[in-house]
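Read-outs throughout are calculated quantities, based only on the coordinates presented, and are distinct from any laboratory measurement. This structure is a prediction, so every number in the text was calculated from the model and none was measured. All Cβ positions, glycine included, derive from the backbone under ideal geometry; neighbour counts span all protein chains shown.
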Amino acid sequence: MKHLALAALLALPAAAFAAQPAMKPSPAQVDRLLEAMQVRDNLDRMVPLMMQQMQRSIEQAQGGDLTPEQQTRVKAFQDREMGKITHAMRWEVLLPMYRQVYADTLTPAEVDAATRFYSSPEGHAMTQKMPQLVQRSMEAMQPLMQETMHAIMDDARKEFATDAPPAPAAPSVH
């Protein structure tokens, strides 16, 4: 019985230590990682890609062929909306958020390991290709999203048509 009590007492500090949150990386560690990942530069490169994607989406929503007047309106809309995006995504606004998210999510060892990777030639290549990866991923998903949105819009028209009876209530789960 004494041995069991002693083992329990010895295990308490280990359990208490394990329950404590891991140490957070310092702002300087996170800044080094963000620099190695070239986050600021990638954001600057991604904004024009976002603009191109927005323009394609607007053109598709308009049926593809725009009149010169519509093109002018689309360009004015894009410029206005891009100004909003650019203002919201200023580095001085994003940096504190990035620092907080990375510090709350990663341990100091993880930040250091990621910094080493992104400082390597392979990591540098990843950061250079990230805007392309994001753009190509968005382009690949666009047909799926358009198909899904069309199906949702069809369902909404059917659901809310004035002459359609209300949809049956879902069975309740007890």
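Placing R0 at 45 angstrom, the Cβ-Cβ distance between GLU110 and MET149 gives a FRET efficiency of 0.75 after rounding to 0.05. The alpha-carbon of LYS129 sits under 15 angstrom from the alpha-carbons of these aspartates and glutamates, leaving out residues fewer than 8 places away in its chain: ASP41, ASP44. I'd like the FRET efficiency for MET138 and ASP44, computed as 1/(1 + (r/R0)^6) with the beta carbon distance as r and R0 of 22 Å, rounded to 0.05. Plugging the Cβ-Cβ distance into 1/(1 + (r/R0)^6) gives 0.80. Computed from point charges on the beta carbon alone (+1 for Lys and Arg, -1 for Asp and Glu), the dipole magnitude for the range 23-143 about its Cα centre is near 80 Debye. Translational diffusion of the range 23-143 was estimated from the Stokes-Einstein equation, with Rh taken as the Kirkwood radius over Cα pairs; at 20 °C and 1.002 mPa s the coefficient is 130 µm²/s.
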